[in-house]
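Reviewing the structure listed below.
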Amino acid sequence: MLVRLGSRGSRLALTQASLAADALRRPGVEIALVPITTAGDRDRTKPFGEIGARGVFVKELEEALLAGRIDVAVHSAKDMTSTDVAGLAVGAYLEREDPRDALCGAERLRAGMRIGTASVRRRAQLLALEPQLSIEPLRGNIDTRLRKRGERGLDAVVLAACGLDRLGLDPEIGHRFEPEELLPEAGQGAIALQVRSGEEQLASSADDAGTRLRVEAERACVGAIQGGCLAPVAAYHDGRRLQALIAAEDGSWVVRRSGDDPAALAAELKALVA
């Protein structure tokens, strides 16, 4: 049986696709990689809000799945929308790696630092930790953002630790933010294998039950808050309890709560900031 694996074409995406292929490969199964360019890949300069809503790195992969051009789409789970697209389902989550955010170029935050990130979630929480930071927009793949740090004279950039680890770039990390400092994006650190509804068996053998429980709780909470990667909203399940927050973009306030039920936690947070 041939399984066509769809993936973005960046170095990190192809590395993650290789991990997915290894997890799916078994006797009688042949894997074919199908690189696909997304809207987020085509435009690396505009803010995400000018390209489209959340999902700019997954939409074309999902369209290829629905059209039957691929059988499994490989996503960074944090790039997915909070609810599944009609006709599609997550067949597997690979075992989660480090979900934390990483500071590259410095070992700690200091007043007056210039830090690059395009994430409003990171921006809000960084400014809450140190209001005297200068947060500058920075987009591109991991290698590009690390290079631009030097070209633009930035003191540091903030990236997902898991991506740096997967590419062997962990020596670039000066500090890994604990969730108590920077709450991660829902799904960060996990790789999701998306399939057509009813074809979950194509990927189910690779599913990690613990990762699924945690990531789906995070996605459900963010979806209930009706936030996404463009809003300062975050959710993270540590295996024991779900934490979530809503913040002002300038970091002037952050409301954080924890609980067990994603919907109830989202309702509590929304009531507090209404």
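The values are calculated or read from the model by the stated rules, or taken from the named source; none is laboratory data. Because the structure is predicted, anything quoted here is derived from the model rather than measured. Because the Cβ atoms are built from the backbone with ideal geometry, glycine has one as well, and the counts that use them run over all protein chains shown. Surface areas here come from the heavy atoms of the whole protein model, side chains and all, with no ligands, DNA or RNA. Shrake-Rupley method; radii C 1.70, N 1.55, O 1.52, S 1.80 Å.
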*Provide the percentage of antiparallel DSSP beta bridges, counting only those with both residues in the chain; round to the nearest 5.*
70
*Based on the Cβ-Cβ distance of Ala264 and Gln226, what FRET efficiency does E = 1/(1 + (r/R0)^6) give at R0 = 22 Å, to the nearest 0.05?*
0.90
*asked:* Tell me which of Leu164, Leu182, Gly140 sits at the most positive position along the dipole axis of the range 137-254, charges placed on C-beta atoms (Lys, Arg +1; Asp, Glu -1).
replied: Gly140
*Read phi for every residue in the range 6-19 and hand back ³J(HN,Hα) as whole Hz from Karplus 6.51 cos²θ - 1.76 cosθ + 1.60, θ = phi - 60°, with x for Gly and Pro.*
x, 8, 5, x, 5, 4, 5, 4, 5, 5, 5, 5, 5, 4
*Give me the Kirkwood hydrodynamic radius of the range 61-124 in Å, from all C-alpha pairs, to one decimal place?*
15.4
*asked:* How are the alpha carbon pair distances in the chain distributed across 10 Å bins from zero to the largest one, expressed in percent?
replied: 7, 30, 37, 21, 5, 0
*asked:* Modelling each spin label as a point 7 Å along the Cα-to-Cβ direction, I'd like the Glu200/Arg69 distance in nm, to one decimal.
replied: 2.7
*Please give the calculated 222 nm ellipticity per residue for the chain, where each DSSP H segment of at least 4 residues contributes -39500 (n - 2.57) and the sum is spread over every residue; nearest 500 deg cm²/dmol?*
-9000 deg cm²/dmol
*Arg25-Arg241 FRET efficiency (beta carbon distance; Förster radius 30 Å; 0.05 resolution)*: 0.25
*asked:* Only sites in a loop by DSSP and with at most 15 other Cβ atoms within 10 Å count here; which trypsin sites (Lys or Arg not before Pro) in the range 232-271 make the cut?
replied: Arg240, Arg241
_Among Ala263, Pro27, Ala124 - extreme Cα towards positive end, dipole of the chain, charges at beta-carbon_ = Ala124
*For the range 113-133 and the range 240-274, write down the distance between their C-alpha centroids in whole Å.*
19
*Potential lengthening between Gln132 and Ala32 on full extension [0.36 nm per residue; Cα-Cα distance subtracted]*: 31.1 nm
*Pop out the ³J(HN,Hα) list for the range 102-112 in order, Karplus 6.51 cos²θ - 1.76 cosθ + 1.60 with θ = phi - 60°, rounded to Hz; leave Gly and Pro as x.*
10, 8, 10, x, 7, 9, 7, 7, 9, 4, x
*Can you give the accessible area of Tyr236, probe radius 1.4 Å, in Å² rounded to 10?*
20
*Classify the range 100-239 as rounded, prolate or oblate from the Cα gyration tensor: take a ≥ b ≥ c as the square roots of its eigenvalues, call it rounded if a/c is under 1.5, otherwise prolate when a/b beats b/c and oblate if not.*
prolate
*10 Å Cβ shell holding at most 12 others, DSSP loop, GluC sites (Glu not before Pro): longest site-free stretch of the chain*: 1-106
_Low-density loop cleavage sites - trypsin sites (Lys or Arg not before Pro) in the range 107-210, where at most 15 other Cβ are within 10 Å (DSSP)_ = Arg108, Arg110, Arg152
*What FRET efficiency do you get for Thr144 and Trp253 if R0 is 30 Å and r is their Cβ-Cβ distance, rounded to the nearest 0.05?*
0.40
_Cβ-defined net charge surrounding Gly153, 12 Å radius [Lys, Arg +1; Asp, Glu -1]_ = +1
*For the chain, give the magnitude of the charge dipole about the Cα centre (Cβ charges: +1 Lys/Arg, -1 Asp/Glu; no others), in debye to the nearest 20.*
580
